[in-house]
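Taking it in order: structure first as structure tokens, then the write-up.
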Amino acid sequence: MRDDSFLVQRLDQIWQLLFPEVDRKNNVVIRFKGRWKNKFGHIKMLRNKDTEIAINGLFKDMRVPEYVIDLTISHELVHYMHGFNSPLEKKHKHPHKGGIVDKELVMRGFGNMIKLEREFVKKEWPLLLKEIYKEKEIKFVWNLRRFF
């Protein structure tokens, strides 16, 4: 299982290697949060002006390829550099208009990862979700039996 320290390490490596010109103008916190079927992550500004990058908690599962996590982190970093939920100047009116995030990712060498992620989402993610939720159901039933 992956943990939040894994995410901190991945964020620092990706930022240093692939986004070195992007200033870190505030504290950026990254953590696993939520268990979403249709969302891989999000970025938001916290009340204390830190930026939070949340990565789907289901990605702790080692069956989720690391490139999916790296691409999700990179996607959120593009939002950060474009001034969405960061102290940086906002560069666009809308965060995804005209495919600006994917264009930026392709320009930074993520084109192949985007293709791999799309294949994963189409072919593997639905099956993995079924397995994860079935496992949770089995654990839940087993835990109930301990009480009776």
Next item on the list: Can you give me the number of residues within the range 19-56 that are surrounded by 14 or more Cβ atoms within 10 Å (Cβ to Cβ), among the polar types (S, T, N, Q) and in a loop (DSSP other than H, G, I, E, B)?
Entry: 1
Checklist line | Residue list for the range 57-80, filter: surrounded by 18 or more Cβ atoms within 10 Å (Cβ to Cβ) and either touching a residue at least 60 places away in the same chain (Cβ under 8 Å) or closer than 15 Å to residue 116 by Cα (or both) | finding: 58, 64, 68, 69, 70, 71, 72, 73, 74, 75, 77
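Table: residues versus (1) under 17 Å from the mean Cα position of the chain (by Cα); (2) closer than 21 Å to residue 18 by Cβ; (3) not basic (Lys, Arg).
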| residue | (1), (2), (3) |
| --- | --- |
| 52 | yes, yes, yes |
| 87 | no, yes, yes |
| 93 | no, no, no |
| 115 | yes, yes, no |
Checklist line | Yes/no for residue 119 being in a helix (DSSP H, G or I), surrounded by fewer than 15 Cβ atoms within 10 Å (Cβ to Cβ), at pLDDT 95 or above and not small (Gly, Ala, Ser) | finding: yes
Note to self: It is to be established whether one or more residues within the range 53-74 are modelled with pLDDT of 95 or more, among the polar types (S, T, N, Q) and touching a Leu at 6+ places or on another chain (Cβ under 7 Å).
What the structure shows: yes
Checklist line | Matching entry among 78, 106, 101 (being part of a helix (DSSP H, G or I), farther than 23 Å from residue 44 by Cα and modelled with pLDDT of 95 or more) | finding: 106
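The values are calculated or read from the model by the stated rules, or taken from the named source; none is laboratory data. The structure displayed is predicted, hence computed values, not measured ones. Cβ atoms come from the backbone with ideal geometry, glycine included; neighbour counts cover every protein chain shown.
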